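Working notes for the structure below.
Values in this text are rule-based calculations from the coordinates and carry no lab data. Just so we're clear, the structure is a prediction, and the values are computed from it rather than from any experiment. A quick note on method: Cβ atoms are made from the backbone with ideal geometry, for glycine too, and the neighbour counts reach across all protein chains shown.
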Amino acid sequence: MRKKKKKNNTSSKQQSFFFEDYLSTNQIFKKEKNFKISEDRIYILFFSFFSLILIFSLKIIFISFQSLSYIESKNYKYNFNSIRNDIVDRNDILLSRNITAYHAAVKPNLIKDKKKFLVKIKLVLPELDTKKLNQNLNKDKYFYLKKRLTVMQREKLWKLGEKGLIFEPFQTRVYPHSDLFSHIIGQTDYDNYGISGVENYYDNYLRDKKNTNKPLKLSLETNIQYLVKQELEKALETFSAKGAASVIMDSENGEVLSLVSLPDFNINKRVAVREKKFMNKITKGVFELGSIFKTFTIALALEEEIVDPKTVIKNIKNNINCSIHKISDIKQFPESMTVEDILIQSSNIGTLKIARRIGEEKYKKFLNDLNLLSSPKFELDEIGNPIPFDWNKCKLETISYGHGITTTPLQAAAAYASLINGGKLISPTLEKDKNMNLAHKRIISEETSQKIKKILRKVVTDEKGTASLANILGYKVSGKTGTSQYYDNENKNINTFISFFTISNKDYVLLVMLDDPQIAKNLVYDYRGVKIKGTRNEAGWNAVYTSGKIIEKIGPILAINNKEVPNHHVVEKTN
């Protein structure tokens with residue numbers, strides 16, 4: 001029985017062996033196969049995770065070495081949609097742009113240690129009121145910590161690593177040149193609407209989405225603006241003046257290349273500017289500009305063929321009575337003078353005698369045609385209104401030499417441009433190429449324009465001229481001085497020099513005005529080759545001097561722009 005049982009067991013095992021051997025072999029094969037596949041997958045997964053870890057590690061290291069501003073600039077590049085378009089100068093140099101800025105807010109419920117938080121904040125923003133900040137933290141309500149953070153403040157707060165600090169992005173306007181164009185560009189409010197200057201005048205254009213990527217191009221030249229401001233600041237110090245102003249204009253198209261008024265202010269700081277001294281003196285200021293008006297009188301007399309430059313005006317007394325008024329000259333002149341000498345030497349009596357020959361009606365019309373009696377049209381809202389007056393007795397006489405009539409320096413500069421460009425009336429503009437194809441009204445003939453230019457040149461070159469200090473070799477400077485008193489204060493002077501200078505056969509008008517300058521007792525002038533100290537407070541000794549310095553600085557830039565460098569070794573011959 002046992003053997004049989006054993007046999008059966010053997011037989012059973014044998015049969016089972018073959019079957020089990022087949023199955024087990026198959027299973028082993030399958031297990032080995034599955035094991036190999038699983039191992040490959042492990043390798044793939046390991047390599048993938050290792051690669052991801054490596055990539056993230058490298059990215060973290062890269063970011064850790066970058067500033068916050070770099071990260072924000074990338075977000076700006078890909079996600080920023082500007083509310084306002086850019087403003088650029090004539091050479092595409094950026095003057096105004098919208099960027100992303102931040103307010104700092106606080107969620108008190110996310111601050112774990114409020115005392116420690118207070119200490120950290122005070123280190124970054126020491127100007128904040130600790131008591132008020134502590135009260136806000138204890139209220140557990142969302143509040144603003146500081147609005148309009150600077151880049152530095154933003155980075156310092158961000159590095160605190162506080163979860164309760166929230167940075168709210170918003171768009172703000174920035175001005176890369178700070179105060180350089182403060183009286184022109186103007187400002188925007190917190191809602192990105194223009195409130196002054198070009199920002200206000202062109203507000204609709206700058207906010208129009210149709211003009212995206214079409215910056216507003218102005219006629220201004222940044223490098224020239226900088227150099228002019230630099231020289232005016234020196235003049236303020238040298239002559240102890242209360243203020244100074246200047247405008248440079250292309251005489252052919254009226255494009256303003258530079259407009260400076262001092263003192264100025266930083267337009268990146270959102271503060272109210274209400275003091276009168278910060279007024280735009282070129283466009284908003286209304287002044288008696290004195291003897292520069294003599295040029296208008298002589299030009300009209302020449303145009304009407306009442307006189308010519310060599311006509312002799314006789315019986316020029318030192319003073320005359322006009323109604324109840326007494327009119328006099330500041331110095332003794334010859335009793336007989338030619339018309340050109342009257343302008344060169346700046347005789348009040350000689351000029352008014354010529355004005356009487358012209359007559360009131362013609363003179364009034366001429367001033368109206370030159371746009372000197374009404375508000376100027378310009379791309380700013382900060383515009384002055386000439387003080388109205390009645391043409392009563394002696395008004396013609398006093399206005400002929402610039403007394404009793406006010407205007408803005410911008411209007412005066414534009415009027416001079418119209419006289420010396422061949423007689424074509426131009427409108428000053430801040431917009432590049434705006435006046436390129438305009439039809440110009442003729443004010444005087446080409447012949448009269450050439451005559452007045454020659455006389456104004458002699459004001460600078462003649463030994464009896466009042467503007468010798470502006471005789472800069474190579475630039476053919478011409479112009480007229482004007483020394484006048486404040487309209488409402490006889491103890492203060494407004495000293496002006498309106499000139500034009502030629503570069504590459506192109507004439508530029510330059511007006512320089514000094515507000516209440518004083519005698520520069522320590523300044524040594526090079527006056528016709530002689531070293532002397534100034535003893536007089538007149539335009540010829542300060543406004544003219546400053547104009548000469550400006551022309552020396554900006555001349556090479558204009559020459560390069562016009563593809564021609566002036567020859568400083570050529571001395572012009574004069575009659």
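Details
- Descending semi-axes in Å of segment 129-189, equivalent ellipsoid built from Cα gyration tensor: 31, 14, 11
- Computed over the Cα atoms of the chain, the ratio of the radius of gyration to the Kirkwood radius (Rg/Rh) comes to 1.35.
- Cα-centred dipole magnitude for the chain, charges only on beta-carbon of K, R (+1) and D, E (-1), debye, nearest 20: 4780
- The alpha carbon radius of gyration of segment 82-217, expressed as a multiple of 2.2 N^0.38 Å, is 1.31.
- Inter-probe distance in nm under a simple model that places probes 7 Å from Cα toward Cβ, at Tyr142 and Val312: 9.0
- Kirkwood estimate for segment 225-561, i.e. one over the average of 1/r between Cα atoms, Å: 20.0
- Share antiparallel - DSSP beta bridges, the chain, percent rounded to 5: 95
- Label point 7 Å beyond Cα of Lys159 along Cβ direction - residues of segment 106-129 with amide nitrogen under 20 Å: 116-128
- Mean separation of Cα contacts under 8 Å, 6 or more apart, over the residue count of segment 313-438: relative contact order %: 20
- Under the criterion of Cα pairs below 8 Å and six or more residues apart, the relative contact order for the chain equals 13 percent.
- Length-normalised contact order for segment 299-356 - Cα pairs under 8 Å, 6+ apart - percent: 37
- Furthest towards positive pole of dipole, Leu259, Gly479, Leu438, structure part segment 225-561, Cβ charges: Gly479
- Long-range tail of P(r) for segment 314-440 (Cα pairs > 26 Å, %): 33
- The loop-placed trypsin sites (Lys or Arg not before Pro) in segment 321-365, going by DSSP, that have at most 16 neighbouring Cβ atoms within 10 Å of their Cβ come out as Lys331.
- For the listed residue pairs Lys284/Lys553; Lys141/Lys163; Lys281/Lys364; Lys242/Lys269; Lys120/Lys159; Lys364/Lys492, the alpha carbons are over 20 angstrom apart in Lys284/Lys553; Lys281/Lys364; Lys242/Lys269; Lys364/Lys492.
- In nm, spacing of pseudo-spin labels at Arg357 and Tyr525 (7 Å Cα→C-beta vector): 3.1
- Positive-pole candidate from Ile349, Pro388, Ile420, dipole of segment 225-561, charges at beta carbon: Ile349
- In this rough spin-label picture, where each label sits 7 Å from Cα along the Cβ direction, the Ser178-Asn223 distance is 2.2 nm.
- Cross-link pairs Lys317/Lys454; Lys377/Lys424; Lys294/Lys362; Lys147/Lys277; Lys122/Lys146 - those with Cα-Cα distance over 22 Å: Lys317/Lys454; Lys147/Lys277
- Here the extension length gained between Lys122 and Lys242 equals 39.1 nm, from 0.36 nm per residue of separation less the Cα-Cα distance.
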